[in-house]
1. Please name all residue pairs, on different chains or six or more residues apart, with Cβ atoms under 8 Å, provided the first residue is in the range 102-118 and is within 9 Å of L73 (Cβ to Cβ) and at pLDDT below 95 and the second residue is assigned to a loop (DSSP other than H, G, I, E, B) and of a type in the set (V, I, T).
2. For L35, all conditions in the list (1) open to solvent by 30 Å² or more (accessible area, probe 1.4 Å); (2) modelled with pLDDT under 95 hold save one; what is the number of the exception?
3. Of the residues K122, K222, K194, only one is under 30 Å from K107 (Cα atoms) and touching a Lys or Arg at 6+ places or on another chain (Cβ under 7 Å); which?
4. Residues that are part of a loop (DSSP other than H, G, I, E, B), hydroxyl-bearing (S, T, Y), under 30 Å from Q93 (Cβ atoms) and touching a residue at least 24 places away in the same chain (Cβ under 8 Å): does the range 64-76 have at least one?
5. Yes or no: the range 179-186 includes at least one residue that is modelled with pLDDT of 95 or more and charged (D, E, K, R).
6. Restricted to the range 53-74, and to residues that are under 15 Å from I159 (Cα atoms) and not hydroxyl-bearing (S, T, Y), which residue is most open to solvent (accessible area, probe 1.4 Å)?
7. Assuming F204 fulfils every condition listed in (1) over 19 Å from the mean Cα position of the chain (by Cα); (2) within 26 Å of A113 (Cβ to Cβ); (3) open to solvent by less than 70 Å² (accessible area, probe 1.4 Å) apart from one, which condition is it?
8. Does G98 meet the test of being of a type outside the set (A, V, I, L, M, F, W, C), crowded, with 18+ Cβ neighbours inside 10 Å, at pLDDT below 95 and in a loop (DSSP other than H, G, I, E, B)?
Amino acid sequence: MPSPLRIQFVDDKKLIEATELIPNIKIRSKMVLELIRSYGLLERMHVVSSRLASTEELLSFHSPEYLEYLERLSSVDVDDMMETHNSNLENKQMIDFGFGYDCPMIKNVEKFAKIIAGGTLKAVDGLMSGNYDVAINWCGGWHHAQRDEASGFCYINDIVIGIQALQRKFKKVLYIDLDVHHGDGVENAFSFSKNVFTVSLHNFEAGYFPGTGKISDVGRGKGKNFTLNVPFKSGMSDSSYVSVFSM
C-alpha cells in the first residue's frame, strides 16, 4: 500500500489579516479556512506558520523602482495621501505603478507584500526540504501583479517569486492556473523561458479582465510553445471543463 501524501498547510493569522486589507477580498480567505477546518481536513495535514519574505526575495521578480514605491507608501499616512495627493507627479506614479480602482492604496503595503509572498515561500521551503510531497498556501495565488505594476487586486506576484525559488532545486516547473481570470502576470514573467511551462484555463470574452490569454499566445523566443492558454466563454459546464484534462 503506498504511503499517504505528506501535506504541508500554511496557516497564519497574519496571512489572513493581510488578505482582509484588500476591499474586494475581505473575509474570503477566512471563510475558506473555516470550511477546511470544519471538514476535518487540517487533521490530515501538517499545519505550519508562515514567514516574511525578504526584500531580496521580492527582487527576484519585482523591479527596484516598484519596491521603492511600496516602501515610500509605507512611510506615509495613506489616508492623508489619498485626500491631499493632487500633484501631477503623484498621480503619474500612482497610475504607472497600478494603484487605483482595483488596487487601492492600503496601509503598510510593503509589509503586506512581504507577508503575502512569505506564505508562498514557506510552502516552497517545505517542498525544497523534501519533507513534503504537497504544500498549500491558500492565501497565495496573486497572479495578476506585473514586475513593476499592481493589477487586479494583486500587489505582489507571490507565484512568480515562488517559482523562482523552486528553480534553485527544480530546473523545470509546470504552473497550472485554474482561476476564472487569465494568469497574465505569471505568463508574462516566463513567456521567454523554456524552463517554466505555464498553463491557464480561464474565461475569455470581450470586456472580461484582463483581456489576455488567447489560444494563439504560446510563448516567445526560446519560450515558444511553453505557454498554453485554454480560453472559455461564460456558461462552461462541469463536464466540459473536466473534459479538457482528458484530451
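1. Going by the 8 Å Cβ cut-off, the qualifying pairs are I106/I22.
2. (2)
3. Of K122, K222, K194, the one residue that is under 30 Å from K107 (Cα atoms) and touching a Lys or Arg at 6+ places or on another chain (Cβ under 7 Å) is K122.
4. no
5. Among the residues of the range 179-186, at least one is modelled with pLDDT of 95 or more and charged (D, E, K, R), which makes the answer yes.
6. Applying the filter and picking the extreme gives L59.
7. Looking at each condition in turn, F204 falls short on (2).
8. Judged against the criteria, G98 is a match.
The values are calculated or read from the model by the stated rules, or taken from the named source; none is laboratory data. Not measured: the values here are computed from a predicted model. A quick note on method: Cβ atoms are made from the backbone with ideal geometry, for glycine too, and the neighbour counts reach across all protein chains shown. Ligands, DNA and RNA are stripped out before the accessible areas are found, and what is left, the full protein with its side chains, is counted by its heavy atoms. Shrake-Rupley method; radii C 1.70, N 1.55, O 1.52, S 1.80 Å.
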